[in-house]
Amino acid sequence: MRKLLIIISCITLLATTLTGCGTYDKTEKKIPDSPPSQKVEVSPVPEEPSEPEIPEIDLEIIRPNELGKVMVLMYHEVGQKEDTWARTADNFRKDMETLYAMNYRPVNLNDFLDGNINIPAGTTPFILTFDDGTAGQFRFIEEEGSMTIDPNCAVGILLAMSEKYSDFKPAGTFYIFYPLPFRQKNHIEEKLKLLVDWGFEIGNHTYGHENLGKVSPAEAIRSLARHVNATNAILQGYQVNTLALPYGARPKDDSYLIKGEWETIKYENRAILLVGANPALSPFDTRFDPFRLPRVRADETELSRWLDYFEKNPDQRYVSDGDPDIITVPEHNSNNINQSALDGKTLRTY
Ligand SMILES: [Zn+2]
């Protein structure tokens, strides 16, 4: 256990330097302004624009397909029992090991939406989402008089994975609700801050797990804004910008799910996550719709089913070329490329 504590401290240190979330206000870590330099050096302008360097990878062996599908995995409880909405800690650990062994690597939802998928060549991204802020997702336990992270909670397991494998980065979005995310009232602030420092994300799941298909639009807007208000009371300046629908319930008129305001508190979501039931399209696909993003329920049946599906249909699977600035797609598969989603990236077909 001491080892885990040390590991976690190391990861904290590492994560605070690596965290990819630029929206969280970390004023204490701000780099002081450098004094104005006396001499301004102007680098020579090249006469012709240089071609972007394309790294040498054997396309025929790696077979990248960055227009392939991606699993957004949905977990709820992680703990003692196993059922449709609960995974035991051992099975959750097994899921992560299986995914890793089958060349899947976790990426954050916001990086996926931005098309910044930075994983090794030949691997496939997957996105972790955790609904409801249940106790087994992130728990502190007391050991020898001090509080430590439960090695059998989801966060403990993910941190251990990232310690074990250098290309398994801590990533995942926690769709919490209030007033008691993770069900330990003395540690709410600490947990949210740690999660963001490590590189995880916090998402909107309404303030009190309201059913948005049943409450009035005014009540729904209030609930979405109150979540943002409560999260920002702990994480000043953090942008809560994705929404997982409680119960998967979507109102008929759903325009306010994307953007709204209640008592000067504004919210804006760039993705809305559904409860079911298949892998998502690539963000570079013309048909990609972030406001109806499907998820795969990560239980024994559904996760196995989709892992098998991609084994049998490897051409359907997103396979990275290892360079986030180059988007590589097999020639025969390139008609659904969304040029505007490339956003300055180089398109390569083969
Ligand atoms: Zn929920």
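Quick look at the numbers
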{"quantity": "Those residues of the range 57-92 which are aliphatic (A, V, I, L, M) and away from the ligand (no atom under 16 Å from the Cβ), in sequence order", "calculated": "57, 59, 61, 62, 67, 70, 71, 89"}
{"quantity": "Pick from the range 163-200, criterion within 16 Å of the ligand (Cβ to nearest atom) and touching a residue at least 60 places away in the same chain (Cβ under 8 Å), ranking: farthest from residue 72 (Cα to Cα)", "calculated": "177"}
{"quantity": "Residue in the range 86-103 that is in contact with a His (Cβ under 9 Å, 6 or more places away or on another chain) and either modelled with pLDDT of 50 or more or on the phi > 0 side of the Ramachandran plot (or both) present", "calculated": "yes"}
{"quantity": "The range 206-226, subset under 12 Å from residue 250 (Cα atoms), hydrophobic (A, V, I, L, M, F, W, C) and away from the ligand (no atom under 14 Å from the Cβ), residue surrounded by the fewest Cβ atoms within 10 Å (Cβ to Cβ)", "calculated": "215"}
{"quantity": "Residue tally, condition modelled with pLDDT of 95 or more and among the small types (Gly, Ala, Ser), over the range 261-292", "calculated": "3"}
{"quantity": "Whichever residue in the range 227-264 is more than 16 Å from the ligand (Cβ to nearest atom) and of a type in the set (Lys, Arg) and, among such residues, is farthest from residue 178 (Cα to Cα)", "calculated": "252"}
{"quantity": "Every residue from the range 303-332 that is within 23 Å of the chain's Cα centre (by Cα) and in a strand (DSSP E or B)", "calculated": "317, 319, 326, 327, 328"}
{"quantity": "From the options 252, 259, residue that is of a type in the set (D, E, K, R), more than 19 Å from residue 341 (Cβ to Cβ) and under 22 Å from the mean Cα position of the chain (by Cα)", "calculated": "259"}
{"quantity": "Any hit, the range 296-305, residues being surrounded by 20 or more Cβ atoms within 10 Å (Cβ to Cβ) and not aliphatic (A, V, I, L, M)", "calculated": "yes"}
{"quantity": "Matching entry among 240, 296 (being free of Cβ contacts under 8 Å to residues at least 40 places away in the same chain, of a type in the set (A, V, I, L, M, F, W, C) and on the phi < 0 side of the Ramachandran plot)", "calculated": "240"}
{"quantity": "Criterion violated by residue 158 - all others in (1) among the hydrophobic types (A, V, I, L, M, F, W, C); (2) over 20 Å from residue 237 (Cα atoms); (3) within 16 Å of the ligand (Cβ to nearest atom) satisfied", "calculated": "(3)"}
{"quantity": "Tally, over the range 292-309, of residues that are farther than 26 Å from residue 245 by Cβ and touching a Pro at 6+ places or on another chain (Cβ under 9 Å)", "calculated": "0"}
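Rundown of residues vs (1) within 15 Å of the chain's Cα centre (by Cα); (2) under 30 Å from residue 315 (Cβ atoms), yes/no style:
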residue	(1), (2)
168	yes, yes
181	no, no
189	no, no
195	yes, no
208	no, no
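The values are calculated or read from the model by the stated rules, or taken from the named source; none is laboratory data. Only a predicted model underlies this, so the values are computations on that prediction, with no experimental measurement involved. Glycine gets a Cβ as well: all are built from the backbone with ideal geometry, and neighbour counts include every protein chain shown.
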